[in-house]
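Here the structure is laid out as structure tokens; the discussion comes afterwards.
The values are calculated or read from the model by the stated rules, or taken from the named source; none is laboratory data. Being a predicted model, the structure only gives us computed values, none of them experimental. Backbone-built Cβ (ideal geometry, glycine too); neighbour counts: all protein chains shown. Note: accessible area is taken over every heavy atom of the protein model, side chains too, but ligands, DNA and RNA are not part of it. Shrake-Rupley method; radii C 1.70, N 1.55, O 1.52, S 1.80 Å.
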Amino acid sequence: MKSPLLTLPGAVPAEGVDEGVAAHYGDLFREQRALAEGTGFVDLSHRGVVAVSGAERLTWLHLLLTQHVSDLPPHRATEALILSAHGHIEHALYLVDDGETTWAHVEPGTQEALIAYLESMKFFYRVEVADRTADFAVVHLPAGSITEVPEGTAVRETPYGRDVFLPRADLERFAAQAGPPAGILAHEALRVEQHRPRLGFETDHRTIPHELGWIGGAVHLQKGCYRGQETVARVQNLGKPPRRMVFLHLDGSEVHLPTPGTEIRVADDGPEGRRIGFVTTSVRHHELGPVALALVKRNVPVDARLLAGDTAAAQETVVEP
């Protein structure tokens with residue numbers, strides 16, 4: 001769904017999964033600094049929006065999600081995953097309940113598969129699941145923003161800012177008073193700085209929550225009764241995940257960033273050494289320079305110097321080995 005905010009001055013369209021919103025508005029670092037200072041907004045109107053209503057919505061979702069939501073208070077933000085039977089991550093949901101409806105935003109294009117799964121699990125529960133992507137646009141306001149949100153609007157308030165479920169018809173009017181726009185690249189740079197994984201970026205077909213530090217934040221260990229729970233409990237209690245997410249400081253002298261999927265090796269083994277991981281997201285940060293998130297084998301020493309392709313990289317631990 002193409003955002004009307006792509007007509008704003010300087011807007012350069014994003015590509016790939018983020019197609020439909022602006023990559024930037026002409027000055028990537030200025031946009032990052034504005035968000036870091038608590039001003040402006042990010043157009044995330046390409047993300048899917050799913051609404052679950054009905055008296056039994058939280059009880060029902062509690063059975064399906066990795067998060068404890070049966071007693072979720074109104075207006076408290078949380079996040080949750082849906083796992084496969086083998087514990088691999090299939091969906092990531094960013095949730096808030098307004099007292100009548102549970103709202104979730106999800107990765108662009110994933111809402112149809114998510115809704116199909118939810119519909120298949122309704123059984124006799126009094127719930128209704130709806131795709132509201134055509135009606136509501138997600139807008140991100142950074143932490144510290146004083147921008148007022150229209151009364152009655154569902155809002156996820158997190159340490160990183162507010163995600164607003166704005167009626168799509170109000171998007172242009174809201175943007176006009178919300179401060180300078182920042183593109184998805186600025187939003188991604190701060191996400192990487194904050195070590196926050198993203199479905200489809202830090203995940204592949206075999207990713208389990210422990211590898212990305214999603215235990216606690218999106219996975220509640222004191223609840224059971226969800227698909228994949230056995231794998232979560234077994235790894236938590238008896239073992240370690242095969243991989244771990246790391247934060248990489250990349251050699252700033254390189255002109256090009258290593259692209260997602262770039263193979264990682266231990267520097268001492270040279271460019272022909274054994275592959276021990278891969279880059280998942282790489283960005284240029286306004287203060288840190290070129291940085292990235294990556295997945296590496298759990299047993300890679302935390303002080304090992306790495307190579308991301310031909311680019312030297314120093315690792316910072318995100319998930320303990």
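Just a few scattered comments:
- Failed item, numbered, when Q236 is tested on (1) within 21 Å of P197 (Cβ to Cβ); (2) under 21 Å from the mean Cα position of the chain (by Cα): (2)
- Breaking point among (1) at pLDDT 95 or above; (2) open to solvent by 10 Å² or more (accessible area, probe 1.4 Å), for M1: (1)
- Residues in the stretch 306-319 that are open to solvent by 40 Å² or more (accessible area, probe 1.4 Å), under 20 Å from P242 (Cα atoms) and either out of contact with any Gly (no Cβ under 9 Å at 6 or more places or on another chain) or without any contact (Cβ under 8 Å) to a residue 12 or more places away in the chain (or both): E316, T317.
- Residues in the stretch 61-103 that are charged (D, E, K, R) and over 16 Å from the mean Cα position of the chain (by Cα) were compared, and the one that is nearest to R243 (Cα to Cα) is R76.
- Taking the listed residues E188, E107, the one that is under 14 Å from the mean Cα position of the chain (by Cα), within 18 Å of I82 (Cα to Cα) and of a type outside the set (V, I, T) is E107, with no other qualifying.
- So S45, is it touching a strand residue (DSSP E or B) at 6+ places or on another chain (Cβ under 7 Å), modelled with pLDDT of 95 or more, polar (S, T, N, Q) and open to solvent by less than 10 Å² (accessible area, probe 1.4 Å): yes
- Residues of the stretch 7-18 that turn out to be surrounded by 15 or more Cβ atoms within 10 Å (Cβ to Cβ) and outside any loop (DSSP other than H, G, I, E, B), as a count: 3
- Taken together, L35, L61 contain a single residue that is crowded, with 20+ Cβ neighbours inside 10 Å and under 23 Å from D131 (Cα atoms), which is L61.
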